[in-house]
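Encoded as structure tokens, the structure appears first; notes follow it.
The values are calculated or read from the model by the stated rules, or taken from the named source; none is laboratory data. Since the structure is predicted, the reported quantities are computational estimates derived from the model, not experimental observations. Reconstructed Cβ throughout: ideal geometry from the backbone, glycine too, with neighbour counts over all protein chains shown. Each accessible area value is taken on the protein alone, full model and side chains, heavy atoms only, with ligands, DNA and RNA left out. Shrake-Rupley method; radii C 1.70, N 1.55, O 1.52, S 1.80 Å.
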Amino acid sequence: MLLLIHRRILKTVTFILLALGGFLCWRMSLDIQSTFSRSYRVQEYRKLQELAILKPNVSSPTNLFSTKQSNEKLLQHKTTLITTTSCGRPYFLLVLVSSAPFNARRRRDIRLTWGVDSALNQRWKTFFLVAQTRNQTESEALLKEDESFRDLIRADYYEHYWNQTLKIQMAFEWASLYCNFSFLLKMDDDTFVNVKSLISVLAKPEIPKEKLYMGHCPKGPYVKREGKWKVSFKDYKHKFYPDFCSGYGIVLSSDLVHLFVDLYAVVPWFQIDDVYIGMLAEKAGVKPKYVGKFHIVEPPINVTCVNLKKPDDILVWHGVTGKCLFEVFQSTLDF
């Protein structure tokens, strides 16, 4: 009888030990999975951090054309570019105008003046580079504007002054992928262009058709450590930037645009967009070409404004908007 009791106790203890062992193995399995999951999430988070460093201030706007469409398009691009509209035909000059979402009037004025080639055999085409806006009214207005004119190039970041380099990157990638052109003019929306004169200059035999980087290019640009364009020693340790052309109006040959897009992976993002283009050019082994007919309007500006420069002296003129834009444009027609 005693032996039978001992056997029953032994079986019970054995069962309990086996059950306890199984439970411990199950818990260890969960812990291992949890540790692996946390490790994977940390790795993914670090990847996101690296992307954030390469593309600062990039957020995920909700006011895109279509979430599904945007995701499909983003897979095709190196940058924040959304638009996949093509130029439709070759152009001698492709004009890309940096514009903020709320600058609809400036875009309208450009379309009404120098921005449209009315010739049967069009030689240039103008597009506007516009990011996203948190203002719902502006976002809806942009969608309607693009439906009407089909000339907006969009990206998936929010508009901000220090995001202009992102705009440059997406602009050049769009031009490289979706357009056939000889030269590209990147400019700001507060700038006038005498397009016919500019095309005449670019068509001259002495103007290089490759490796051309042209504009108003100050020599020996020093790095500012104070003020609006200040840059810390941590972000840029040198005393001078590479030679670059002022961002309000820059002309590039098509081969350089394609090459710059390839160099995005080599030349890290920099907060000042025209300096960033200078960095790309330096990496490509290209020196900027200074052109004296790229002007900046110095305030104060008088009511008529056209007597500041003769029409034949103007190629690109920064600081010309509103009534002055129409007067300057008319003066080039009358000349």
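Among 144-153, 249-258, sorting by the average number of other beta carbon atoms lying within 10 angstrom of each residue, highest first, gives 249-258, 144-153. Accessible surface ranking for Arg108, Arg225, 1.4 angstrom probe, highest first: Arg108, Arg225. Across the range 125-233, the convex hull enclosing all Cα atoms gives 173 Å³ per residue. Compared with the alpha-carbon gap, the fully stretched path from Phe92 to Tyr290 is longer by 69.2 nm at 0.36 nm per residue. Sorting Trp269, Trp229 on solvent-accessible area from highest to lowest, probe radius 1.4 Å, gives Trp229, Trp269. Residue order by solvent-accessible surface for Leu142, Leu120 is Leu120, Leu142, largest first, with ligands and nucleic acids left out and a 1.4 Å probe.
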